[in-house]
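The values are calculated or read from the model by the stated rules, or taken from the named source; none is laboratory data. Just so we're clear, the structure is a prediction, and the values are computed from it rather than from any experiment. Cβ placement follows ideal geometry from the backbone for every residue including glycine, while neighbour counts extend to all protein chains displayed.
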Amino acid sequence: MQRALAEAIRIHRREDVPVYLLSVQPAVNGHVASYFQPSELERLQHDAGAEELAPAQSLLEAAGVRYRTVVRVGRRAETIARTAQELGCDRIVMDAPTASGGDRWFGSLAHQVDHILAGVRGCQVIGA
């Protein structure tokens with residue numbers, strides 16, 4: 001995460017573009033969801049996303065970078081791509097992928113997002 005944040009800070013300082021921190025929380029299956037009220041489940045997912053983003057927020061604040069946090073629920077690659085389009089982002093900065101067994105079958109998360117956005121003009125995935 002730190003390399004991606006360093007790249008986002010560099011871009012922000014050079015171009016004064018907005019920075020969005022995104023946390024994508026997994027959807028909860030129906031069986032598990034039935035134990036919670038919808039508003040409680042939404043709050044729990046939002047809180048988990050906020051906790052996940054806290055270290056990045058601290059780094060951006062220390063660097064004096066304005067940012068906005070966004071917490072969404074869904075499949076990671078699709079949600080990242082959709083959110084980037086909704087927010088009008090022209091770049092998505094992600095940490096360089098780490099090798100895992102699933103990457104051989106599905107590609108890294110950055111590769112998946114890049115593939116989804118392949119037809120979208122002006123949106124680039126940057127692996128820091």
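Looking only at region 92-112, filter to residues that are over 20 Å from residue 12 (Cβ atoms) and surrounded by 14 or more Cβ atoms within 10 Å (Cβ to Cβ); which one of those is modelled with the lowest pLDDT? Before the answer, list the steps.
Pass one, region 92-112, residues over 20 Å from residue 12 (Cβ atoms): 97-109, 111-112.
This time we only want the ones that are surrounded by 14 or more Cβ atoms within 10 Å (Cβ to Cβ), so: 97, 103, 107-109, 111-112.
Values: 97: 59, 103: 49, 107: 71, 108: 83, 109: 89, 111: 88, 112: 90.
This residue is 103.
Being surrounded by 13 or more Cβ atoms within 10 Å (Cβ to Cβ), under 19 Å from residue 12 (Cβ atoms), in contact with a strand residue (DSSP E or B) (Cβ under 8 Å, 6 or more places away or on another chain) and hydroxyl-bearing (Ser, Thr, Tyr) is a description that does not apply to residue 79. Pairs meeting the criteria (first residue in region 60-81 and in a helix (DSSP H, G or I), second residue of a type in the set (Phe, Trp, Tyr), beta carbons under 7 Å, at least 6 apart or on different chains) are 60/67. Within region 29-54, the residues that satisfy the criterion of being in contact with a Leu (Cβ under 8 Å, 6 or more places away or on another chain) and either part of a helix (DSSP H, G or I) or modelled with pLDDT of 90 or more (or both) are 33, 53.
Among the criteria (1) more than 19 Å from residue 6 (Cα to Cα); (2) touching a strand residue (DSSP E or B) at 6+ places or on another chain (Cβ under 9 Å); (3) modelled with pLDDT of 85 or more; (4) surrounded by 16 or more Cβ atoms within 10 Å (Cβ to Cβ), the one residue 89 does not fulfil is (1).
Scanning region 11-28 for residues that are in a helix (DSSP H, G or I) and surrounded by 13 or more Cβ atoms within 10 Å (Cβ to Cβ) yields 11, 12. Taking each residue of region 28-43 that is of a type in the set (Lys, Arg) and looking for partners that are assigned to a loop (DSSP other than H, G, I, E, B) and at pLDDT 85 or above with beta-carbon atoms closer than 9 Å, six or more apart or interchain, yields nothing.
Selection of region 19-78 for residues being aromatic (Phe, Trp, Tyr) and under 27 Å from residue 115 (Cβ atoms) yields 20, 67.
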